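Student: Before I ask anything, let me first share the structure, which is written out below as structure tokens.
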Amino acid sequence: MKKVITYGTFDLFHEGHLNLLKQAKSLGDYLIVGITSDYFDKCRGKYNVHDSLMTRIHNVQKTGLADEIIIEEYLGQKIDDIKKYHVDIFTVGSDWIGYFDYLKDYCAVVYSERTKGISSTQIRNDSSLKLGIIGGEKIVSRFLSEAGFISGIIITGIYYADSFGSRTYSELYEYSSTQEVFSQTDAVYINVPLKHRYKYIKDALLSGKHVFTEFPFSNNYNNAKELIELANKYNLVLMEDLKTAYCPAFTKMISLVKSGIIGSILNIEARFTQILENDLFSEQLYISGGSVESLSPYPLLIIFKLLGWEYEDISFTSHDENGTDVFTKIDFRYSNAIASATVAIKAKSEGNLIIAGSKGYVYVPAPWWKTEFFEVCYEDINNNSKYFYKFDGEGLRYGLVEFIKTIQNDSLQNGFMNHQAMLFEAKVIDLFLANYNVQNF
């Protein structure tokens, strides 16, 4: 029996995929098809695969051409698979000519003719999301850089929003008004200072535009609730770009902890502290305010993800300088657990994360909010496990991909950062600003 193997993402299954499988099948008696996992795709720079892994498997199965389907999960797996399944022929599209010649040491390599004029990337680009930028803060540079890694999105231009930020993005068309932005886009990315975000988010939603905004999207609970209700009313996506929520290591860690790997969660300690230079300090105050408004969404995310919103008590201990909280510790008490979030823009402590459970604990080293690594630890260190997941660039690309996917899937919110998380984040900030249960030192 002559065994043939081929690999692919098989996203948005099309005629080109079908032809590749037919050609592969014709080369032998038994066809093995390797389909890339979501995580491996991201490691390879494919950030906005549209279809889920199960959908992609089902689409290949429906062709009736694959005798066996396997999942490709890591670099170098092709050699392992060829050995494991005693493969005679490896085949892939002609656009890869020469790239897989190293496999000739293990089996024959055949580059099949690619179907011209069609690809998953082209399909995504043909239905590209037109996105305008409102606000010219420094983060726009990072946003543009990260967006360059993603197909299916067209940046139409920028509106500087009442001169917020400097006019330094000469490569972008400059809009003269928000009305012009809304007339030429499907969605907007909003990065104006926090005290102005409510206005621009509301205007965008009322104009029928999906919104991707810097965090926190609101520091007022009632305003936050109003914006979410507006998004739901008009069937629009309103998402916050809190990059940790979408990064691979964080999402895997949440799944593991929720599976009970460390038993019942008893305590969470999360810290995000900085010592900003005077110019950066002033910029931080201008954009988002003090430590709670600027940084608390990160630790609040992990606390609410694992312990939920039903806390019994909340208190704040804060250090104030000239009317600005520069160091704050937020303590939560739940019925069966406690948690603390420490944030600062003018103080420094170890920026790690510890999740204590009844069977063990999870340790994430600094900076935990953009981690590539975490460790699950037990009393017996021989049972400890380390987990590594790649974190690319600034992390903004992960949130942007989820924003596009949520729109494409006709969903109103994303599972990684849903409306409930956004709403309670705003509630905690609102409580602090209202001086609820705050002690100063």
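The values are calculated or read from the model by the stated rules, or taken from the named source; none is laboratory data. These numbers come from a predicted model, not from an experiment. Quick reminder, even Gly has a Cβ in these numbers, built from the backbone with ideal geometry, and neighbours come from all protein chains shown. Surface areas here come from the heavy atoms of the whole protein model, side chains and all, with no ligands, DNA or RNA. Shrake-Rupley method; radii C 1.70, N 1.55, O 1.52, S 1.80 Å.
Student: Averaging over all projection directions, find the projected area of the Cα convex hull of segment 275-350 and quote it in nm² with one decimal place.
Tutor: 5.4 nm²
Student: I'd like the orientation of helix 221-233 relative to the chain: the angle between its Cα long axis and the longest Cα principal axis, in ° from 0 to 90, rounded to 10.
Tutor: It works out to around 40 degrees.
Student: Let me ask something else. Rolling a 1.4 angstrom probe over the protein heavy atoms, how many square angstrom per residue are accessible across segment 179-313?
Tutor: Per residue, segment 179-313 has an accessible area of 36 Å².
Student: Then there is this: Past 25 Å, Cα to Cα, is the threshold; run Lys138/Lys427; Lys130/Lys202; Lys46/Lys305; Lys130/Lys370; Lys42/Lys258 against it and keep the listed order.
Tutor: Exceeds cut-off: Lys138/Lys427; Lys46/Lys305; Lys130/Lys370.
Student: How would segment 34-93 be classified by its alpha-carbon gyration tensor: rounded, prolate or oblate, with rounded meaning a/c under 1.5 and the a/b versus b/c comparison settling the rest?
Tutor: oblate
Student: Roughly how far apart, in whole Å, are the Cα centres of segment 198-216 and segment 369-441?
Tutor: Cα centroid to Cα centroid, the span is 21 Å.
Student: Based only on Cα atoms, what Rg/Rh ratio does segment 17-69 have, Rh being taken as Kirkwood's radius?
Tutor: 1.01
Student: For segment 203-341, how big is the tail of P(r) above 18 Å, as a whole percent of Cα pairs?
Tutor: When all Cα pairs of segment 203-341 are counted, 65 percent exceed 18 Å.
Student: Roughly how many Å is it from the Cα centre of segment 1-56 to that of segment 137-153, as a whole number?
Tutor: 29 Å
Student: Before I look further, what does segment 41-99 give for accessible area per residue, probe 1.4 Å, in whole square angstrom?
Tutor: It amounts to 53 Å² per residue over segment 41-99.
Student: Related question: Tell me whether segment 359-399 comes out rounded, prolate or oblate; compute the Cα gyration tensor, take square roots of the eigenvalues as a ≥ b ≥ c, and use a/c under 1.5 as the rounded threshold.
Tutor: Cα axes put segment 359-399 in the prolate bin.
Student: What's the long-distance tail for segment 311-397, i.e. % of Cα pairs beyond 20 Å?
Tutor: More than 20 Å apart: 54 percent of the Cα pairs in segment 311-397.
Student: Which values, in whole Å and largest first, are the semi-axes of the equivalent ellipsoid of the chain obtained as the square root of 5 times each eigenvalue of the Cα gyration tensor?
Tutor: For the chain, the semi-axes come out at 43, 29, 18 Å.
Student: In addition: Order the peptides 231-241, 177-187 from the highest to the lowest mean number of other Cβ atoms within 10 Å of their residues.
Tutor: Top of the packing list down: 231-241, 177-187.
Student: Just to check I understand the Karplus step: with θ = phi - 60° and J = 6.51 cos²θ - 1.76 cosθ + 1.60, what whole-Hz values come out for segment 377-391, glycine and proline as x?
Tutor: 10, 9, 4, 8, 5, 5, 9, 5, 10, 10, 10, 10, 9, 5, 10
Student: Let me ask something additional. For segment 146-214, what is the convex hull volume of its Cα atoms per residue in Å³?
Tutor: Taking the convex hull of the Cα positions in segment 146-214, it is 96 Å³ per residue.
Student: Please sort by residue number the GluC sites (Glu not before Pro) in segment 354-422 whose DSSP state is loop and whose Cβ has at most 12 other Cβ atoms within 10 Å.
Tutor: Of the GluC sites (Glu not before Pro), the ones in loops of segment 354-422 whose Cβ has at most 12 other Cβ atoms within 10 Å are Glu379.
Student: Using a/c under 1.5 as the rounded threshold, could you call segment 200-253 rounded, prolate or oblate? The axes a ≥ b ≥ c are square roots of the C-alpha gyration tensor eigenvalues, and prolate needs a/b larger than b/c, oblate otherwise.
Tutor: Here segment 200-253 falls in the prolate category.
Student: For the chain, which whole percent of the accessible surface, found with a 1.4 angstrom probe, sits on carbon and sulfur atoms?
Tutor: The nonpolar share, carbon plus sulfur, comes to 48 percent.
Student: Segment 388-441: D in µm²/s via Stokes-Einstein (Kirkwood Rh, Cα pairs, 4 °C, 1.567 mPa s)?
Tutor: Roughly 93 µm²/s, to the nearest whole number.
Student: Something else about it: For segment 140-288, what is the per residue volume of the convex hull drawn over the alpha-carbon atoms, in cubic angstrom?
Tutor: Roughly 170 Å³ of hull volume per residue.
Student: Determine the per residue accessible area of segment 364-441 with all protein chains present and a 1.4 angstrom probe, expressed in square angstrom.
Tutor: 48 Å²
Student: Any idea what the relative contact order of segment 1-63 is, in percent, if you count C-alpha pairs under 8 Å spaced at least 6 apart?
Tutor: That works out to 43 percent.
Student: Could you give the Stokes-Einstein D for segment 1-144 in µm² per second, using the C-alpha Kirkwood radius, 10 °C, 1.306 mPa s?
Tutor: Using the Kirkwood radius from Cα pairs, D works out to 96 µm²/s.
Student: Charges at C-beta only: +1 for Lys and Arg, -1 for Asp and Glu. How large is the resulting dipole of segment 218-376 about its Cα centre, in Debye rounded to 20?
Tutor: 620 debye
Student: So what are the three principal axis dimensions of segment 287-441 from its Cα atoms, in whole Å, longest to shortest?
Tutor: Each principal axis gives a Cα extent; for segment 287-441 these are 46, 45, 32 Å.
Student: Where does each of 311-317, 361-367, 266-272 land if you order them by average Cβ count within 10 Å, highest first?
Tutor: 266-272, 361-367, 311-317
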